[in-house]
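Have a look at the structure below before the remarks.
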Amino acid sequence: MHMTLILLAIGLGAGILSGIFGIGGGIVIVPALIYLAKFPPQQAAGTSLAALVIPIGAALGAWTYYKAGHLQPRDALLIAAGMAVGAYLGGQIGTHVDATVLRRGFALLMVVVAVKMWVS
């Protein structure tokens, strides 16, 4: 149950950020799966791709990861469910926030992720 909540939260967060900034997979889901769900990088990348299959059609890449054993379909579906709700909420937020605030928020997110990845 704990992991289910983590995966749904990752999907929700990625969906919100996707709705606000147009980002998600590589910049949000993969680091979140590595640091929060403790996935190895390949599994994080494969699961992220699978979660995005419906919204962006990364089916061939996800299938390759699946065949190599680096994809958890259930986890990808949970993240996708969170993203569906999060993208709607993020879209609601993003359409009412000043462009400068969005740009600076995105830049801050990138710096935080970069520093975290650099020091880990």
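The values are calculated or read from the model by the stated rules, or taken from the named source; none is laboratory data. All values derive from a computational prediction rather than experimental measurement. Here the Cβ is made from the backbone with ideal geometry for all residues, glycine too, and neighbour counts use every protein chain on show.
A few remarks follow.
- Residue match in region 11-25 (condition: surrounded by fewer than 15 Cβ atoms within 10 Å (Cβ to Cβ) and assigned to a helix (DSSP H, G or I)): no
- Residues that are free of Cβ contacts under 8 Å to residues at least 12 places away in the same chain, among the polar types (S, T, N, Q) and surrounded by 10 or more Cβ atoms within 10 Å (Cβ to Cβ), drawn from region 68-120: none
- Close pairs from region 19-44: first among the hydroxyl-bearing types (Ser, Thr, Tyr), partner surrounded by fewer than 21 Cβ atoms within 10 Å (Cβ to Cβ), Cβ under 8 Å, at least 6 apart: TYR35/LYS116; TYR35/SER120
- Of all residues in region 9-39, exactly one satisfies the criterion of being at pLDDT 85 or above and out of contact with any helix residue (DSSP H, G or I) (no Cβ under 8 Å at 6 or more places or on another chain), namely LYS38.
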